[in-house]
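First the structure, in the form of structure tokens, and then the observations on it.
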Amino acid sequence: MSSMVIKPMLITPQYIKMGKVVQIRNNARIEGVSCYNDVSFTPVIVIGENVSIEQNCHITCADRIEIGRDTAIAANVSITDINHPYDDIAVPIERQNITVEPVHIGEGCKIYNNVVILQGVKIGKHVTIGANSVVTKSVPDYCVAVGSPAYIVKRYNFESHKWERTDKQGNFIKR
């Protein structure tokens, strides 16, 4: 099976490195931003092998966004390494310079519908992000995170070989 991109809304292929067997569904906006307010950037969007990106996904990158192999991204997900500061109240927000910080999504992850992943976030290997979550900070390997802002609710316990409930910091809850 080869990679396929179905009716994208906007794609900047010159900034995308795509593995084999990638599927990108309708109305995707996968955009590298090379200039904003006369500041130059060198965006790199890396999509690993066997990644699926469902409809209406919005990925905006001015630095680097990596999506690990075997990851599934559901509909209406937004991923960005860009922040629009609002420090100077005399300048409209869209005219202020952006800040950028890379985003990394590990291999074997599942990102459910309507998730927002913000700049500087690192999502580990085999992580599930629940629907409608806003990920503002990094999530370690083998976790389930939900909410706005997202927090850890389960983690795989390699001693018991089971998924177990945790507190918001990812510490196992003792019964």
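The values are calculated or read from the model by the stated rules, or taken from the named source; none is laboratory data. Only a predicted model underlies this, so the values are computations on that prediction, with no experimental measurement involved. All Cβ positions, glycine included, derive from the backbone under ideal geometry; neighbour counts span all protein chains shown.
I need the strands (runs of 3 or more DSSP E) fully contained in the stretch 1-68, keeping only those with at least 1 residues that are within 16 Å of H84 (Cα to Cα). Quick ask: steps written out before the conclusion?
Details: elements: 16-18, 29-32, 44-47, 58-61, 64-67.
Filter on the stretch 1-68 gives 29-32, 58-61.
In the stretch 109-119, what count of residues is obtained for those that are assigned to a loop (DSSP other than H, G, I, E, B) and either surrounded by fewer than 17 Cβ atoms within 10 Å (Cβ to Cβ) or among the basic types (K, R) (or both)?
Of all residues in the stretch 109-119, those assigned to a loop (DSSP other than H, G, I, E, B) come to 109, 112-115, 118-119.
In the following step, the residues that additionally are either surrounded by fewer than 17 Cβ atoms within 10 Å (Cβ to Cβ) or among the basic types (K, R) (or both) were identified as 113-114.
Summing the residues that are assigned to a loop (DSSP other than H, G, I, E, B) and either surrounded by fewer than 17 Cβ atoms within 10 Å (Cβ to Cβ) or among the basic types (K, R) (or both) in the stretch 109-119 gives 2.
Scanning for something in contact with a helix residue (DSSP H, G or I) (Cβ under 6 Å, 6 or more places away or on another chain) and closer than 27 Å to G108 by Cβ, does the stretch 40-58 turn up at least one residue?
Here is the first cut: in the stretch 40-58, the ones in contact with a helix residue (DSSP H, G or I) (Cβ under 6 Å, 6 or more places away or on another chain) are 43, 45.
Now restrict to residues that are closer than 27 Å to G108 by Cβ: 43, 45.
Yes, the stretch 40-58 contains a residue that is in contact with a helix residue (DSSP H, G or I) (Cβ under 6 Å, 6 or more places away or on another chain) and closer than 27 Å to G108 by Cβ.
When you check V91 against the structure, is it of a type in the set (A, V, I, L, M, F, W, C), more than 21 Å from V115 (Cα to Cα) and either modelled with pLDDT under 95 or not in a helix (DSSP H, G or I) (or both), yes or no?
Values: of a type in the set (A, V, I, L, M, F, W, C): yes; more than 21 Å from V115 (Cα to Cα): yes; either modelled with pLDDT under 95 or not in a helix (DSSP H, G or I) (or both): yes.
It is true that V91 is of a type in the set (A, V, I, L, M, F, W, C), more than 21 Å from V115 (Cα to Cα) and either modelled with pLDDT under 95 or not in a helix (DSSP H, G or I) (or both).
Contact list please: Cβ distance under 7 Å, first residue in the stretch 57-70 and in contact (Cβ under 8 Å) with a residue 24 or more places away in the chain and surrounded by fewer than 24 Cβ atoms within 10 Å (Cβ to Cβ), second residue among the polar types (S, T, N, Q) and in a strand (DSSP E or B), pairs at least six apart or on different chains.
H58/S78; T60/T80
Is it true that I79 is under 19 Å from P140 (Cα atoms), touching a residue at least 24 places away in the same chain (Cβ under 8 Å) and buried (at least 18 other Cβ atoms within 10 Å of the Cβ)? I'd like the intermediate steps shown before the answer.
Values: under 19 Å from P140 (Cα atoms): yes; touching a residue at least 24 places away in the same chain (Cβ under 8 Å): yes; buried (at least 18 other Cβ atoms within 10 Å of the Cβ): yes.
Yes, satisfied.
Among (1) over 13 Å from the mean Cα position of the chain (by Cα); (2) surrounded by fewer than 19 Cβ atoms within 10 Å (Cβ to Cβ), which single condition is R155 missing?
(2)
Of I152, I79, which residue is within 29 Å of S34 (Cα to Cα) and either in a strand (DSSP E or B) or touching a Leu at 6+ places or on another chain (Cβ under 6 Å) (or both)? Outline the logic, then answer.
On the way: I152 fails: within 29 Å of S34 (Cα to Cα).
From the options I152, I79, the qualifying one is I79.
Could you look through the stretch 131-145, keep only residues that are surrounded by 18 or more Cβ atoms within 10 Å (Cβ to Cβ) and outside any strand (DSSP E or B), and pick out the one that is nearest to the chain's Cα centre (by Cα)? If you could, list the steps in order and put the result at the bottom.
Quick first cut of the stretch 131-145, residues surrounded by 18 or more Cβ atoms within 10 Å (Cβ to Cβ) only: 133, 135, 139, 142-145.
Imposing the further condition that a residue be outside any strand (DSSP E or B) reduces the set to 133, 142.
Numbers: S133: 11, Y142: 16 Å.
Ranking the candidates gives S133 first.
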